[in-house]
Amino acid sequence: ARDMGAASGGGGGLLLDLIGSELIAGVALCEGGLGESFLAERDEFLPDDEALLAARWQLVERSLFEVDEAGPTHLKLRDLRTGERITVTNTNADSHTRRGHLMLGRPLPVGETWRAFAGFVLVGGQLRDAMLDALDHPDPFALARLMGGTLAPPRVQNTDGELLEVH
């Protein structure tokens, strides 16, 4: 949360929001290895159906998706790493989400459907290659910093490349 907040340029308020977010929990569970540790320690105590679901979730990696369609309760996505197309249900797409937008997430299978428990992060096209590279080398802190960069406010420059400042 600290690395993500610092990379976003947000203040302490954002850090507090991030600490309790599903986004940070998702990075800790997936890239941070906490999900594997949890299963290793508690697998024998889980009911069979929950153990099977948790084991299935461990096989799913975070990926970068291109939006094919954004509906009020679903997203149709194409995984840029595998080419696979999925429909994620029970999502609340932002009203600005459009076809062609890039979204970072880890949709998880539940039965025959896909759900996104930690949600998605909108990724600007300029970060596409960096994000794909980070996903191929999953370091939780590097990924958090890159994700934080997606939360940073836009940088506005003049034609000489100098940052514009509000006075």
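D for the range 1-62, whole µm²/s, Stokes-Einstein with Kirkwood Rh over alpha-carbon pairs at 37 °C and 0.692 mPa s: what number?
Working: Rh = 13.1 Å.
Once the numbers are plugged in, D ends up at 250 µm²/s.
Under a point spin-label approximation (7 Å from Cα along Cα-to-Cβ), what is the Leu52-Thr89 distance to one decimal in nm?
So the two model labels end up 1.8 nm from each other.
Considering the convex hull of the alpha carbon atoms of the range 128-167, report its projected area averaged over all viewing directions, in nm², one decimal.
Values: hull surface 15.9 nm².
With every direction weighted equally, the projected area is 4.0 nm².
Normalising by the residue count of the chain, find the relative contact order in percent from Cα pairs under 8 Å and 6+ residues apart.
Details: 244 pairs, mean separation 41.5, N = 167.
Relative contact order, the chain: 25 percent.
Packing-wise, with mean Cβ within 10 Å as the measure, how do 32-41, 65-74, 138-147 rank, highest first?
Numbers: 32-41: 13.3, 65-74: 15.2, 138-147: 18.3.
The peptides rank, most packed first, as 138-147, 65-74, 32-41.
Rounded to whole Å and ordered largest first, report the semi-axes of the equivalent ellipsoid of the range 38-126 derived from its Cα gyration tensor (root of 5λ). Present the calculation step by step, with values, prior to reporting the outcome.
Details: eigenvalues 152, 35, 23 Å².
Working through the eigenvalues yields semi-axes of 28, 13, 11 Å.
Report, in deg cm²/dmol and to the nearest 500, the calculated mean residue ellipticity at 222 nm for the chain, where each DSSP H run with n ≥ 4 adds -39500 (n - 2.57) and the sum is divided by the residue count.
Numbers: 7 runs with 64 residues, N = 167.
One gets -11000 deg cm²/dmol as the mean residue ellipticity at 222 nm.
Scattering from the C-alpha atoms of the range 88-167 alone, worked out with Debye: what is log10 I(q)/I(0) at q = 0.12, 0.21, 0.24 1/Å?
After summing over all Cα pairs, the log10 values are -0.48, -1.11, -1.24.
What part of the accessible area of the range 44-167, given as a whole %, is carbon or sulfur when the probe is 1.4 angstrom?
Values: 4170 of 7990 Å².
Carbon-and-sulfur percentage of accessible area, whole number: 52.
Can you give the alpha-carbon Rg of the range 51-96 over 2.2 N^0.38 Å, where N counts its residues? If you can, show how the numbers build up before the last one.
Values: Rg = 12.2 Å, N = 46, 2.2 N^0.38 = 9.4 Å.
Taking the Cα Rg and dividing by 2.2 N^0.38 Å, one obtains 1.30.
Send over a whole-number figure in Å² for the accessible area per residue of the range 63-167, probe 1.4 Å. Please list the in-between numbers first.
Working: 6450 Å² over 105 residues.
Heavy-atom accessible area per residue stands at 61 Å².
Can you list residues from other chains, or at least 5 along the same chain, whose modelled amide H is less than 5 Å from the amide H of Phe65?
Long-range HN contacts for Phe65: Leu80, Met103, Leu104, Gly105.
Just one of (1) 1.02; (2) 1.52; (3) 1.13 is Cα Rg over 2.2 N^0.38 Å calculated from these coordinates, so which is it?
Identified label for the calculated read-out: (3).
The values are calculated or read from the model by the stated rules, or taken from the named source; none is laboratory data. A quick note: this is a predicted structure, and the numbers were derived from the prediction, not measured. Neighbour counts run over all protein chains shown; Cβ positions are idealised from the backbone, glycine included. For the accessible areas, the whole protein counts, side chains as well, though only heavy atoms, and no ligand, DNA or RNA atoms are used. Shrake-Rupley method; radii C 1.70, N 1.55, O 1.52, S 1.80 Å.
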